[in-house]
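Here is the structure we will look at, set down as C-alpha cells.
The values are calculated or read from the model by the stated rules, or taken from the named source; none is laboratory data. All values derive from a computational prediction rather than experimental measurement. Here Cβ is always computed from backbone atoms with ideal geometry, including for glycine, and neighbour counts include all displayed protein chains. Side chains included, ligands, DNA and RNA excluded: accessible areas come from the protein's heavy atoms. Shrake-Rupley method; radii C 1.70, N 1.55, O 1.52, S 1.80 Å.
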Amino acid sequence: MRILVVEDEQILRESLKRELAAAGFSVDVAADGEEGLYAGREFPVDLAIIDLGLPKLPGLDLIRTLRAERHTFPILVLTARDRWQDKVAGLDAGADDYVTKPFQFEEVIARVQALLRRAGGWASPVLSCGPVVLDLRSQTVAVHGEAVDLTTFEYRLLEHMMMRAGDVISKAELTERLYEQDFERDSNTIEVFMGRLRRKLDPDDKLQPIETLRGRGYRFALPRDPN
Ligand code: CA
C-alpha cells in the first residue's frame, strides 16, 4: 500500500518515511502543502498523512481541496497542539482520524492500518478468506492453519490483493501501488511474484486463490469470511 506523508519538519518527515517503510508501506513524501497537493493529485495514494501546520498551502486547505476534487483515500491528520478545535477542524475538512504530536510511531502505524482495512471493507485486522488468513498486525499468512513463509514483497502483494478481495486489480495498479515513485517499474516482475505467491499459497493447485483475468488484471477469488 502506498502512503503519502505531507510534513514540513524534515526530521519528522524522514522518520515517518523510515518507520512506515519498515512496516511494509511504499512512502512518498512532500514538504509543503503545494507539493502535497501535487502528489495527492498525481500519485496513486492509498492513504495520506497530513500535518495541519504546513507552509504554502495550510493542511486544512489541502484536505478540503483533495476532497472537493473527489480524492477519497483515507486521511490521517497530524496536529501539533492538543487542541480539540484542530481535531474537529481536520475531521470537518474531510480527514478520517488524527494523531496529536508528539506521538509514538506505533500509534501512527496502527491508525494507518486501521484506516486502510476499513477502507477495504474489513472490520478486523485478521483478513480471512476461507483457508487463507492474513494477520495485518503480525504480517503473517497461514493456509489451512499452516504458516506460509513469504518474502516482504510477496506479503505486500498478497496484503494488497486480500485487502480488496473480490475486486479486479490491474497489473499497472499493482506496480504503481507497490513500488515507490523513483523505483524502476516493470510490470513483468508482478507476474513473476504472482507466480511465486500462487505456488506458496497453493502448491497443489487446489485452492486457486488468485484469478487472472486476461487483459484486466488479478482478483483474489476466495470469498471473504464475515468479520
Ligand atoms: Ca508543521
- Among all residue pairs at least 6 apart or on different chains, which show Cβ distances below 6 Å where the first residue, located in the stretch 68-83, is without any contact (Cβ under 8 Å) to a residue 24 or more places away in the chain and the second is open to solvent by 20 Å² or more (accessible area, probe 1.4 Å) and not hydrophobic (A, V, I, L, M, F, W, C)? D82/T100
- Message: Give me the residue from the stretch 1-21 that is of a type outside the set (D, E, K, R), surrounded by fewer than 21 Cβ atoms within 10 Å (Cβ to Cβ) and modelled with pLDDT of 95 or more and, out of that set, nearest to the ligand (Cβ to nearest atom).
- Response: L12
- Item | Count of the stretch 90-118 residues which are within 20 Å of G59 (Cβ to Cβ), within 18 Å of the chain's Cα centre (by Cα) and open to solvent by 40 Å² or more (accessible area, probe 1.4 Å) | 5
- Item | Qualifying residues in the stretch 22-71 (those that are assigned to a loop (DSSP other than H, G, I, E, B) and either polar (S, T, N, Q) or crowded, with 20+ Cβ neighbours inside 10 Å (or both)) - the one farthest from the ligand (Cβ to nearest atom) | D46
- Query: What do you reckon, is A95 touching a residue at least 40 places away in the same chain (Cβ under 8 Å) and within 16 Å of the ligand (Cβ to nearest atom)?
  - Reply: yes
- Condition met for D167 (within 19 Å of T212 (Cβ to Cβ) and open to solvent by 20 Å² or more (accessible area, probe 1.4 Å)): yes
- Message: So R83 ticks every box in (1) crowded, with 18+ Cβ neighbours inside 10 Å; (2) within 15 Å of the ligand (Cβ to nearest atom); (3) among the basic types (K, R) but one. Which box is left unticked?
- Response: (1)
- Could you list all residues from the stretch 208-227 that are in a loop (DSSP other than H, G, I, E, B) and within 15 Å of V143 (Cβ to Cβ)? Q208, P209, A221, L222, D225
- Note on the structure: For the stretch 27-54 the number of residues that are of a type outside the set (A, V, I, L, M, F, W, C) and out of contact with any helix residue (DSSP H, G or I) (no Cβ under 6 Å at 6 or more places or on another chain) is 8
- Message: Please list, ordered by residue number, the helices (runs of 4 or more DSSP H) wholly in the stretch 117-207 having 3 or more residues that are touching a residue at least 40 places away in the same chain (Cβ under 8 Å) and under 30 Å from E42 (Cα atoms).
- Response: 152-163, 171-178
